[in-house]
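The values are calculated or read from the model by the stated rules, or taken from the named source; none is laboratory data. Given the structure is predicted, the values throughout are model-derived calculations rather than measurements. Backbone-built Cβ (ideal geometry, glycine too); neighbour counts: all protein chains shown. What goes into the accessible areas is simple: the full protein's heavy atoms, side chains included, and nothing from ligands, DNA or RNA. Shrake-Rupley method; radii C 1.70, N 1.55, O 1.52, S 1.80 Å.
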Amino acid sequence: MTLWNRTTRSFDGPMLHRALIARGYTVNAFAEDSGVKPWTLYNALKGRRIRDETAIKIFRTLEKRNPMPVVYEGVQFA
């Protein structure tokens with residue numbers, strides 16, 4: 001499964017949502033940092049078709065922060 005489907009021009013919504021959370025973003029904070037309107041980001045999170053330029057903004061913003069490491073019962077996953 002991939003985050004972005006270039007044929008349908010849509011994100012896998014749940015996967016995108018996990019990527020935002022893993023980087024410590026709320027939807028509104030991510031929208032502000034990326035320059036994407038919040039309703040456009042909500043459309044991406046619902047798996048709706050978005051413009052390629054918007055997808056590029058989302059990917060560039062995701063690249064700015066590394067995902068936070070996850071710790072579960074004393075074991076760290078990166």
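Name the single residue, out of those in the range 21-38 being at pLDDT below 95 and of a type in the set (A, V, I, L, M), that is least open to solvent (accessible area, probe 1.4 Å).
The extreme case among them is 22.
Show the residue pairs meeting these rules: Cβ distance below 7 Å; 6+ apart or different chains; first residue within the range 39-63 and open to solvent by 50 Å² or more (accessible area, probe 1.4 Å); second residue polar (S, T, N, Q) and assigned to a helix (DSSP H, G or I).
57/34
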